[in-house]
Amino acid sequence: MPLTKWERKERLGHGAVTKIARRAKRSIGHVSQVLAGDRRDGKVERIAARMLEMTEVEAGFPSVDAHHSEPAALSA
């Protein structure tokens, strides 16, 4: 079963958002929105999933095909 945004946050731990932001060359706010499910960014999702040692789907990031280009907040 995929992780919820709260489970992702707990498992990533303290400082993960900053670490992901540096690796992805994105702002901390951007990464925070992606991890909360309010925004999509494949690079950020891949990095977070790797840090969790999971696939993107297992980490709670739905595939783009399943998403149908709707904002994440509306499809949840």
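What's the number of the condition D38 fails, among (1) farther than 14 Å from A59 by Cβ; (2) touching a residue at least 40 places away in the same chain (Cβ under 8 Å)?
Single failed check for D38: (2).
Looking only at region 10-35, count how many residues are closer than 21 Å to S63 by Cβ and within 11 Å of the chain's Cα centre (by Cα).
Filtering region 10-35 down to residues closer than 21 Å to S63 by Cβ leaves 11-12, 20, 24, 26, 30-31, 33-35.
With the extra rule that they be within 11 Å of the chain's Cα centre (by Cα), the set shrinks to 12, 20, 30-31, 33-35.
The total comes to 7.
Go through (1) part of a helix (DSSP H, G or I); (2) open to solvent by less than 40 Å² (accessible area, probe 1.4 Å) and name the single condition R50 misses.
R50 satisfies all of (1) part of a helix (DSSP H, G or I); (2) open to solvent by less than 40 Å² (accessible area, probe 1.4 Å) except (2).
The values are calculated or read from the model by the stated rules, or taken from the named source; none is laboratory data. Keep in mind the model is a prediction, meaning the values are calculated, not measured. Here the Cβ is made from the backbone with ideal geometry for all residues, glycine too, and neighbour counts use every protein chain on show. The accessibility values were calculated without ligands, DNA or RNA, using every heavy atom of the protein model including side chains. Shrake-Rupley method; radii C 1.70, N 1.55, O 1.52, S 1.80 Å.
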